[in-house]
Amino acid sequence: MQQRLETIAADPLILSRPQDEAALVRRLIGDTDLDEGTRDRISELAADLVRHVREKTHPTMMESFLAEYGLSTEEGIGLMCLAEALLRVPDAATIDELISDKIEPGNWMAHLGASSSNLVNTATWALMLTGKVLDDDHPGVIGVLRGAVRRVGEPVVRTAVGQAMKILGQQFVLGETIEAGVANAKALEAKGYTYSYDMLGEAARTADDAERYFQSYSHAISVIGAEARDDIRSSPGISVKLSALHPRYEGRARDRALKELKPRLIHLCQQAAEAGIGLNIDAEEANRLELSLELAEMALAEPSLKDWHGFGVVVQAYSTRAPDVIDWLIRKATAHDRRVMVRLVKGAYWDTEIKHAQVLGVSAFPVFTRKAHTDVSYLACARKLMAATDRVYAQFATHNAHTVAAIQTMGGDADTFEFQRLHGMGEALHDAMMDRFGTRCRIYAPVGAHRDLLAYLVRRLLENGANSSFVNQIVNEDLPPEVIATDPIVEARAGGPSRNPHIRKPADLFRPERANAAGLDIDDPGDREPLLQARDAFGRTQWLAAPTGVSAESETIERPTRPILNPANDNDVVGHVADATVDDVRRAIETSRAAFASWSATPAAERAAALRKAAAAYERATA
């Protein structure tokens with residue numbers, strides 16, 4: 001325990017979840033090192049890129065879908081909720097009810113034929129048909145059709161929704177197998193693109209899941225390795241989700257996860273090194289950050305990998321700890337005399353992180369509460385990466401013209417970094433970058449069966465479905481290019497740069513009625529380790545418990561007691577308890593009855609204050 005605390009204290013970022021978002025953003029604005037004149041030139045270049053994209057190309061199917069069904073429409077919100085919820089629905093009957101709830105109220109007719117994409121219009125037909133089928137009050141031909149479909153059965157409704165989602169999904173998957181994906185990549189590789197393959201699938205739930213994912217990654221590396229070139233930067237690569245390689249990839253199981261995951265990660269890295277390709281550890285939820293960093297350092301310290309410069313880590317700019325993570329990675333690369341790839345992304349779990357923090361009642365959000373703050377963080381992190389090219393090969397994942405323009409303006413040798421985009425999105429912008437700037441561009445491409453696509457698809461929809469998303473804005477002709485290319489530093493300063501007041505802090509979730517309970521995220525060492533340290537002060541304490549009216553203040557109790565064991569350690573006697581007798585229970589009931597009248601007559605405000613006082617005492621005594 002003590003050694004673990006000393007290790008964490010040596011890397012203070014692990015205990016640091018910034019409490020003051022405004023102060024952090026002001027610091028990051030300075031870290032970007034961009035004066036007003038430079039920022040004006042960046043915005044002009046970004047607006048020019050937007051105009052180029054609009055004039056020279058047509059939006060992709062996904063961009064058209066987001067333009068038609070963004071999070072600003074009731075139908076778009078319904079679709080996002082439906083797609084996200086389908087991940088957890090266990091049976092057909094519940095799916096039918098869910099579809100009815102989310103699709104029936106939608107005004108799908110208003111979207112029919114409105115998109116420039118035939119595929120989007122086809123999806124609209126499926127959704128409109130579903131909505132009409134579920135509408136019992138609709139007369140005429142639709143009523144007859146509804147009756148026919150009802151006779152055929154509810155599975156037709158599920159099929160219609162599934163087909164609409166499948167149409168979307170097919171635009172996002174490069175191939176159902178790694179062999180198909182590599183073959184399908186040839187066309188854009190001929191144009192100068194490289195690929196990073198992502199094997200679809202979510203976190204492992206069982207050891208069998210983890211083994212299956214491990215074998216899938218290993219096989220994929222073998223196939224991808226056959227396409228390797230002399231330079232890792234020009235070779236395809238692979239992204240690995242550590243949560244797919246272990247069913248207990250969580251802070252509370254840290255020791256086990258590290259022990260069992262390290263050999264698997266090292267094996268995959270050795271395989272990638274031998275093949276001459278890159279391997280990136282994908283970013284996941286904030287409470288897994290430290291586990292990922294510890295495993296990353298294990299890979300950097302591995303002697304058999306010392307001459308391989310293809311190991312990479314993904315950093316999410318929306319994390320308030322992102323700049324510290326960048327600094328940490330540069331320190332570790334220097335300490336182990338290695339060069340590390342760093343893929344900088346905006347982040348894909350924002351909604352989940354906000355709600356998770358509120359539900360737990362932790363002290364601060366792990367992510368920025370304004371999009372402009374995330375954009376500023378991205379620029380500050382990019383500046384750090386560009387200043388450490390001897391230790392870092394930067395990979396800037398973005399579909400945002402302003403971000404692209406800023407990185408280009410920051411300068412740097414084109415061989416020291418690359419841009420990345422998602423398969424099926426941002427094609428026009430990255431084509432323009434390659435033509436105009438001659439930059440390296442890599443496509444992050446999911447590979448796998450469509451049954452594994454939905455979780456990935458939902459993240460992409462939520463990530464890019466908001467009005468503020470560049471992917472959404474680029475196809476909205478009502479927005480001038482200059483508006484889309486607005487400087488995020490200007491936006492951040494306009495806000496103070498205070499946190500978003502519309503997002504309640506975890507502690508304020510139930511105000512003004514009451515304060516939220518002060519919670520703990522036991523998977524986050526920033527919460528867990530201080531609690532364990534405080535708890536350890538009571539490690540030798542022997543607790544004595546007895547019914548009301550029986551003294552437990554001294555070390556002796558005048559009745560039999562039995563030991564209470566730590567449920568996690570049978571050798572640890574926590575204390576002793578004297579069990580209640582029938583007479584003890586009778587007295588307790590009589591005492592309660594005697595107090596009932598006076599307690600009932602106590603004003604509600606006083607009773608509430610007593611409960612709050614008790615709650616506060618529990619919080620103070622947590623350790």
Looking across segment 392-424 at residues that are among the charged types (D, E, K, R) and more than 21 Å from the chain's Cα centre (by Cα), the single one that is most open to solvent (accessible area, probe 1.4 Å) is D413
- Query: If we scan segment 425-439, do we find a residue that is surrounded by 22 or more Cβ atoms within 10 Å (Cβ to Cβ), at positive phi and small (G, A, S)?
  - Reply: yes
Those residues of segment 166-204 that are modelled with pLDDT under 85, assigned to a helix (DSSP H, G or I) and open to solvent by less than 20 Å² (accessible area, probe 1.4 Å) come to a total of 3
Checked segment 350-365 for anything more than 11 Å from the chain's Cα centre (by Cα) and either part of a loop (DSSP other than H, G, I, E, B) or surrounded by fewer than 18 Cβ atoms within 10 Å (Cβ to Cβ) (or both); matches are K355, V359, G361, V362, S363, A364, F365
Note on W328: of the conditions (1) in a helix (DSSP H, G or I); (2) open to solvent by 10 Å² or more (accessible area, probe 1.4 Å), unmet is (2)
Checked pairs for segment 15-42, first within 27 Å of P530 (Cα to Cα), second open to solvent by 50 Å² or more (accessible area, probe 1.4 Å) and part of a helix (DSSP H, G or I), C-beta under 8 Å and 6 or more apart or across chains, list as L15/A9; L15/P530
By my count, helices (runs of 4 or more DSSP H) wholly in segment 207-313 with at least 2 residues that are of a type in the set (F, W, Y) are 207-225
Residue pairs qualifying under the 9 Å Cβ cut-off, at least six apart or on distinct chains, with the first in segment 513-525 being in contact (Cβ under 8 Å) with a residue 60 or more places away in the chain and open to solvent by 20 Å² or more (accessible area, probe 1.4 Å) and the second being assigned to a loop (DSSP other than H, G, I, E, B) and aromatic (F, W, Y), are N516/F510
Checklist entry - Is segment 564-575 home to any residue that is under 30 Å from R514 (Cβ atoms) and open to solvent by less than 100 Å² (accessible area, probe 1.4 Å)? => result no
Those residues of segment 288-310 that are closer than 23 Å to G251 by Cβ and open to solvent by less than 30 Å² (accessible area, probe 1.4 Å) come to a total of 8
Only unsatisfied item for R339, checking (1) out of contact with any helix residue (DSSP H, G or I) (no Cβ under 7 Å at 6 or more places or on another chain); (2) open to solvent by 10 Å² or more (accessible area, probe 1.4 Å); (3) of a type in the set (K, R), is (1)
Of the residues in segment 475-512, those that are loosely packed, with under 15 Cβ neighbours inside 10 Å and in a helix (DSSP H, G or I) come to E482, V483, V490, A494, D508
Scanning segment 207-252 for residues that are small (G, A, S) and open to solvent by less than 10 Å² (accessible area, probe 1.4 Å), the one modelled with the lowest pLDDT turns out to be G251
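The values are calculated or read from the model by the stated rules, or taken from the named source; none is laboratory data. No experiment lies behind these values; they were computed from the predicted model shown. Neighbour counts run over all protein chains shown; Cβ positions are idealised from the backbone, glycine included. Only protein heavy atoms, including side chains, enter the accessible area calculation; ligands, DNA and RNA are left aside. Shrake-Rupley method; radii C 1.70, N 1.55, O 1.52, S 1.80 Å.
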